[in-house]
Amino acid sequence: MGGPFTTEVAGRTDAGVHALGQVVTVAPAPDDIDPESVKKSLNKLCAPSISVHSVIPVSEDFSARSSARSRTYVYAILISDVPHPFRDATCWRIRSDLDVEAMNEAAGHLLGVHDFSSFGRTREPDASAVRNLFELNATKEGNLVRIKARASSFIQQMVRSLAGTLADVGAGKIDPGEMPQVLEGRDRKLAGRVAPPHGLCLVSAEYDEGWSRPV
């Protein structure tokens, strides 16, 4: 194919964060590209750390990042005092049980359009921290708690801060009713801890074209 190429991704994440549904645009690409051959070649080069599920030709004005209308992340928490040989790499393992009902009560206060300065930082000093949080909820299956967050976009460490704050709520360290004051304060010190990166996973990015890339 030659080169050089420029790449753009749907979601930029902190080191240690995982992705199941990352989308990458590559430009320029020749007109006679064979998507299936490119997919096979990339999987030979990148496996097992990275797997390519599909290669799709798109219009020149399509961007994995700016064309995305929302991103969905899932944060995984494993409640256990015993190390897990498989899940410890992709879950935040904590000892104490969590009150998922209280976590969802707190999450309800955070939905919608808000200034999320208390839950992260912007890449540029004067950039807006206002985001539209479409979905935030916690579910529990056995000893595994999953926090799902979907927004138009996120500021730096926002999902990890949301997850850490909800975990503190679930542990009884923060009252769910404090969330409006935390938002209004626009101060990172008012929210809970920042959850470690390895429990976070980019699940999908959604686009107006009607396709998303979940696995």
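The values are calculated or read from the model by the stated rules, or taken from the named source; none is laboratory data. Values in this document were obtained by computation on a predicted structure and should not be read as measured data. Heads up, the Cβs are rebuilt from the backbone with ideal geometry, glycines too, and the neighbour counts pull from every protein chain shown. Note: accessible area is taken over every heavy atom of the protein model, side chains too, but ligands, DNA and RNA are not part of it. Shrake-Rupley method; radii C 1.70, N 1.55, O 1.52, S 1.80 Å.
A few comments on the model shown:
- Of the trypsin sites (Lys or Arg not before Pro) in region 67-132, those whose Cβ has at most 14 other Cβ within 10 Å and which sit in DSSP loop: R95, R123
- For the chain, the longest principal axis of the alpha carbon atoms and the long axis of helix 158-170 meet at an angle near 30°.
- Calculated FRET value between S63 and R186, using beta carbons and R₀ = 30 Å, to 0.05: 0.50
- Angle in degrees between helix 100-110 and the longest Cα principal axis of the chain, rounded to the nearest 10: 70 degrees
- Distance between modelled label sites at K40 and Q156, nm, 7 Å Cα→Cβ extension: 4.3 nm
- Here region 15-130 exposes an accessible surface that is 53 percent carbon and sulfur, computed with a 1.4 Å probe and the other protein chains kept in place.
- Other residues with beta-carbon under 10 Å from the beta-carbon of A129 carry, at +1 per Lys or Arg and -1 per Asp or Glu, a net charge of +2.
- Spin-label model, D88/S51: points 7 Å from Cα along the beta carbon direction are separated by 2.4 nm.
- Positive minus negative residues near G108 (Lys, Arg vs Asp, Glu; Cβ under 15 Å): -4
- Of the GluC sites (Glu not before Pro) found in region 117-215, those that fall in a DSSP loop while having at most 14 other beta-carbon atoms within 10 Å are E209.
- Helix-only CD estimate at 222 nm, as mean residue ellipticity for the chain, using -39500 (n - 2.57) per DSSP H run (n ≥ 4): -6000 deg cm²/dmol
- Computed from Cα positions, the angle between helix 35-46 and the longest principal axis of the chain comes to roughly 60 degrees.
- Residues in region 53-90 reached by a label modelled at F5 [backbone nitrogen below 13 Å; 7 Å Cα→Cβ]: 53-58
- Estimated inter-spin distance, A127 and D99, nm [label 7 Å along Cα→Cβ]: 3.6 nm
- Cα centroid separation - region 135-177 against region 1-66, whole Å: 30 Å
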